[in-house]
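Written below as structure tokens is the structure these notes are about.
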Amino acid sequence: MYPLIPGHEIAGVVMEVGKKVNRFKSGDRVGVGCLVNSCQSCESCNNGFENHCNGGIFTYNSIDKDGTVTYGGYTTSVVVHERFVVRFPDSMPLDSSAPLLCAGITVYSPMKYHGLNAPGKHVGVLGLGGLGHVAVKFAKAFGMKVTVISSSPGKKREAMERLDADAFVVSGNGEEMEAARATMDGIINTVSANTPMAPYLALLKPTGKMILVGLPENPLEIPPFSLVVGNRTLAGSNIGGMADTQEMIDLAAKHGVTADIEVIGADYVNTAMERLAKADVRYRFVIDIGNTLQIAAAQ
């Protein structure tokens, strides 16, 4: 619905609150993720899973309950129901914490609900990008053994030295893949390209789980024996509810988990999109909206 203003990992400061708001006050450091409203009365909402509500209202390009179109974070301000706002602890920087509101909860939630947050367990992270690098950080915060699986051998140093992964497997290297066979309790699959699933499912131990959070364009091809042999599970996960999102932010603050970012001005967005198409960012662009849009408006 044009004009469309995107942006769904928003961090900032509360400017004003409505008379019925009691959780926040002006000056609070807060964030807004993928949702700004929901029906707030269905089974999913009542159980804290607003992300599963059939009446969920997204941060941009949705029709809110009052009939207005929602506009996202590429704006100087945004109006949100207090239920869908999270609080940032004072220790967390707003710029590098903002991506956690989508990327962070996207990998945190499946780790929590599929038992991949237990110290000593072995988790594989397939793909080292915007989601993958955060998954590595959370897995290490949980005390897990982490293996990064990537098609890019050049990312080994990044994974091992900067992100403290325990091992690195090049997916195109048959010997490395064979050595890792049946060693992992779970895999967080962040890849959005269509790749064969069988070689990666083979890395799972019996009863192991692969959780899909990437979104390939075409349907997946999954040989049934890849799942049946070893009682393996393939599941999907979609962001998380608001209580889990706040829990994730609080844990991130405790362990110093933030995203690796490059801060840009609003006037750099077109160039940033071109660089994104080339995977030329480590790992998230964050737009300094408050300063750069206001300066442009003043000129």
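The values are calculated or read from the model by the stated rules, or taken from the named source; none is laboratory data. If you're wondering where the values come from, they're calculated on a predicted model, not measured in any experiment. Note that each Cβ is placed from the backbone with ideal geometry, even for glycine, and that neighbours are counted across all protein chains shown. Note: accessible area is taken over every heavy atom of the protein model, side chains too, but ligands, DNA and RNA are not part of it. Shrake-Rupley method; radii C 1.70, N 1.55, O 1.52, S 1.80 Å.
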- Mind checking which strands (runs of 3 or more DSSP E) fall wholly inside region 1-83 and carry at least 2 residues that are in contact (Cβ under 8 Å) with a residue 60 or more places away in the chain, open to solvent by less than 90 Å² (accessible area, probe 1.4 Å) and under 25 Å from P110 (Cα atoms)? 10-13, 29-32
- Message: Name the residue that is nearest to the chain's Cα centre (by Cα), counting only residues in region 168-179 that are open to solvent by 30 Å² or more (accessible area, probe 1.4 Å) and within 23 Å of G120 (Cα to Cα).
- Response: E176
- Single residue of region 138-149 satisfying the filter (outside any loop (DSSP other than H, G, I, E, B), open to solvent by 10 Å² or more (accessible area, probe 1.4 Å) and of a type outside the set (A, V, I, L, M)) that is nearest to L203 (Cα to Cα): K145
- Among (1) open to solvent by 40 Å² or more (accessible area, probe 1.4 Å); (2) at pLDDT 95 or above; (3) in a loop (DSSP other than H, G, I, E, B), the one test that A165 misses: (1)
- If we keep only residues of region 275-299 that are under 18 Å from the mean Cα position of the chain (by Cα) and buried (at least 17 other Cβ atoms within 10 Å of the Cβ), then the residue nearest to V78 (Cα to Cα) is I287
- Condition check for K155: closer than 19 Å to G186 by Cβ, among the basic types (K, R) and open to solvent by 30 Å² or more (accessible area, probe 1.4 Å): no
- Checking Y74 against (1) touching a Gly at 6+ places or on another chain (Cβ under 6 Å); (2) under 22 Å from L100 (Cα atoms); (3) at pLDDT 95 or above, which single condition isn't satisfied? (3)
- Query: Is it fair to say T75 is among the β-branched types (V, I, T) and within 30 Å of K145 (Cα to Cα)?
  - Reply: no
- Identity of the residue in region 240-274, within 19 Å of the chain's Cα centre (by Cα) and among the polar types (S, T, N, Q), that ends up surrounded by the fewest Cβ atoms within 10 Å (Cβ to Cβ): Q246
- Qualifying positions in region 146-169 - within 16 Å of A180 (Cα to Cα), among the hydroxyl-bearing types (S, T, Y) and touching a Leu at 6+ places or on another chain (Cβ under 9 Å): T147, S150
- Item | Candidates P206, P199, filtered to the one that is more than 19 Å from K137 (Cβ to Cβ) and out of contact with any Ser or Thr (no Cβ under 8 Å at 6 or more places or on another chain) | P206
